[in-house]
1. Express in whole angstrom the spacing between the alpha-carbon centres of the range 41-85 and the range 108-159.
2. In the range 1-123, if the dipole is taken from +1 on Lys/Arg beta carbons and -1 on Asp/Glu beta carbons about the Cα centre, which of ALA33, PRO112, LEU66 is farthest to the positive end?
3. Looking at the chain as a GNM with Cα springs under 10 Å, which of ARG56, ARG94, ARG175 has the largest mean-square fluctuation?
4. Place a point 7 Å from the Cα of ARG102 along the Cα-to-Cβ direction; which residues of the range 65-80 have their backbone N under 17 Å from it?
5. Would you mind checking the pairs LYS20/LYS132; LYS4/LYS148; LYS20/LYS148; LYS4/LYS35 and listing those with alpha carbons more than 23 angstrom apart?
6. Using only DSSP helix segments of four residues or longer, with each worth -39500 (n - 2.57), what per-residue ellipticity at 222 nm results for the chain after dividing by its residue count and rounding to 500?
Amino acid sequence: NNYKTVAIAVDSNNSPITIKTDLSVLIVGQSEAGKSTLLWNYLDGLNKLGVPYKLRVIDPAGGVELANLASSPNTVDYIDDPSHFNDFMNRADRDMQETFTRMSREGIRNAPISADYPLDVIVVDEWLYIPKQDADTKMGRRLAAGRKGNKVVVALSQLSQKDAVGEVRDLFPQRLCLGVRDASVTDAVLGREAERLGAT
């Protein structure tokens, strides 16, 4: 369908840089590197394309960065206190399981993004502030299996180390690395020898 990619920036040749809407994305970078700008561009792109979507927002640093999303008509769940994270994820996971049950009943293996199966995006402003996640958590399950029901995660983080992001880092099929200080950080986010292969 027409909802597969959204432009989030332009490169040095003024060509659009796009990400797939139906895949989760991890955006890592230092403060002021542009993480939030990419997130707002992503949401703007969804709006411009007319993508049916809903948001579940985790704004754990006191509801500062993403406070405007609390009153967005697309937002179905919003927390600004990490102590509410488990309840938040229980609600998101319950909704995902209900979607999968409906898909099974209707004989759908991969739901097209539509009004019946809108893109369902969990936005995490700062990964550092949520409890440590791994593949066995509800967040891990969403990252591993959610795509078939249009359940994705857009996560922002200042820290790239495996112990900060956790095992789920490898479950993000799309990863962006912005304005970091050295090649080891780039490689930690994007994969071994990413800097040598051109990710400067």
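Every read-out reported here was derived from the displayed coordinates using simple, explicitly stated rules and does not represent laboratory data. These numbers come from a predicted model, not from an experiment. A quick note on method: Cβ atoms are made from the backbone with ideal geometry, for glycine too, and the neighbour counts reach across all protein chains shown.
1. First find each Cα centre; the distance between them is then 13 Å.
2. Towards the positive end, the residue furthest out is PRO112.
3. So, out of ARG56, ARG94, ARG175, the one fluctuating most is ARG94.
4. 74-77
5. Long pairs (Cα-Cα over 23 Å): LYS20/LYS132.
6. Details: 5 runs with 57 residues, N = 200.
Value at 222 nm, helices only, nearest 500: -8500 deg cm²/dmol.
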